[in-house]
Amino acid sequence: MKYSAGLASVLGLLAGARAGTTIWSGSFNSYATVADFDNWSWSNEVGEYQWYIHGTEPTSHYLALDPSFKNPADTSETHGLKMSIDSSATWNSQMERCELIPQTTENLGQGELFYHFSIMQNGTNPPESTLEHQIFFFESHFTELKYGVSPSPTDLQWMVQEVPYWSSPFTAGTWFNFAYDIDFSAGTVGLWASTGGAPLTKVAQNVAASTSTNSEDFHVGILRIVNDPTPEDYYVSGVYIETGPITTAIGSGSSGSSPSSSSASSASSSSAPASSASSSTAPVSSTSSAAGPTQTQYGQCGGTGYTGPTTCASPFTCKAISAPYYYQCL
């Protein structure tokens, strides 16, 4: 029995490293080349992802796979994904978009779930801090990362319903690891984060939010408000969704050659909003009696350059998401 204390310690560490149950894996291991993303269609719903929110160029213009594109600490994946946007990446609007959607029959909106992902920009084709970016978001935008917005446009900022609760400089070459802690039953969301190979720590406590998903509206990728010719590249790995308790380890938990292994918990965070949400009002309301086509829930209903329906189907209302550029039926 002289080894019992040491064994208990090891078992405890293992339990903390991989504690939850994965209900959807967004691993890129099953994609040998980016052409495999094109195997998915509405009539052939195969693979881990739906791939339809992108520009008119071939898939290889927006996506690329390579072992160097993943967080080195994530030893479970053979390669990561590079996601690119430029002026050709407009989809269904004047915004530039490169986004994957989970392909699954699982219910991704019940109980308490942890939405994991890692993201990095390496300084080549970096994000433009004068333009708003929405990163890894839900269709209703109840939580998301943003870049290029006040009060800290050069920071990655975690938002809950347009209000920032945590931020950190989006340093080139640093892998940022995140898990959205979403309690759909309680209607709250919090944030876990770290950098490099460091284990996740809770950096923002859960706050009230209108948590909802139809299991097909978690956007794995980037949306840049306003069309701009400047190309941008992002690197993604470690995407999965699990039940609790949360898995805090990043892959093996070893930083390997990752450029940073310090915890992101030293970044700015607060339990109270860092700033107030936009007070802009929507250009139209769902109560309008005007004849003509109406927009469905979550559809765009206004914004710079938008020419589609501006009246929302009942009972939804056209609300400012990023005034004056983008309004959405919510």
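Tabulated values for the structure
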item	result
Residue check, V226 among the β-branched types (V, I, T) and either surrounded by fewer than 23 Cβ atoms within 10 Å (Cβ to Cβ) or not in a strand (DSSP E or B) (or both)	yes
Verdict on N177 being within 21 Å of W24 (Cβ to Cβ) and touching a helix residue (DSSP H, G or I) at 6+ places or on another chain (Cβ under 8 Å)	yes
Any chance A35 is under 21 Å from the mean Cα position of the chain (by Cα) and assigned by the TED database to the domain that holds S237	no
Filter result for N107 (open to solvent by 40 Å² or more (accessible area, probe 1.4 Å), over 15 Å from the mean Cα position of the chain (by Cα) and on the phi > 0 side of the Ramachandran plot)	no
From the options T130, T174, residue that is closer than 22 Å to G238 by Cα, open to solvent by 10 Å² or more (accessible area, probe 1.4 Å), β-branched (V, I, T) and part of a loop (DSSP other than H, G, I, E, B)	T174
Test: residue in segment 18-36 that is at pLDDT below 95 and among the charged types (D, E, K, R)	yes
Which numbered condition S210 fails, given (1) in contact (Cβ under 8 Å) with a residue 24 or more places away in the chain; (2) closer than 23 Å to Y49 by Cβ	(2)
Given (1) out of contact with any Cys (no Cβ under 6 Å at 6 or more places or on another chain); (2) at pLDDT 95 or above, number of the condition H54 does not satisfy	(1)
Top-ranked residue in segment 182-219 [being open to solvent by 10 Å² or more (accessible area, probe 1.4 Å) and among the aromatic types (F, W, Y); ranked as farthest from F170 (Cα to Cα)]	F184
Selection from segment 87-102 of residues that are within 19 Å of the chain's Cα centre (by Cα) and open to solvent by 30 Å² or more (accessible area, probe 1.4 Å)	T90, W91
Residues satisfying the stated conditions in segment 37-95, i.e. among the acidic types (D, E), touching a residue at least 60 places away in the same chain (Cβ under 8 Å) and more than 16 Å from T230 (Cα to Cα)	D74, E77
Long-range neighbours under 7 Å by Cβ, at least six apart or interchain, first residue farther than 14 Å from L108 by Cα and in a loop (DSSP other than H, G, I, E, B) within segment 179-198, second open to solvent by less than 10 Å² (accessible area, probe 1.4 Å) and not small (G, A, S)	G196/W175
Close pairs from segment 318-330: first at negative phi and among the aliphatic types (A, V, I, L, M), partner outside any loop (DSSP other than H, G, I, E, B) and modelled with pLDDT of 70 or more, Cβ under 7 Å, at least 6 apart	A320/Y327; I321/Y327; I321/Q328; L330/K319
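The values are calculated or read from the model by the stated rules, or taken from the named source; none is laboratory data. Keep in mind the model is a prediction, meaning the values are calculated, not measured. Every residue, glycine among them, receives a Cβ derived from its backbone with ideal geometry; neighbour counts consider all protein chains shown. Accessible surface areas use protein heavy atoms only, side chains included; no ligands, DNA or RNA. Shrake-Rupley method; radii C 1.70, N 1.55, O 1.52, S 1.80 Å.
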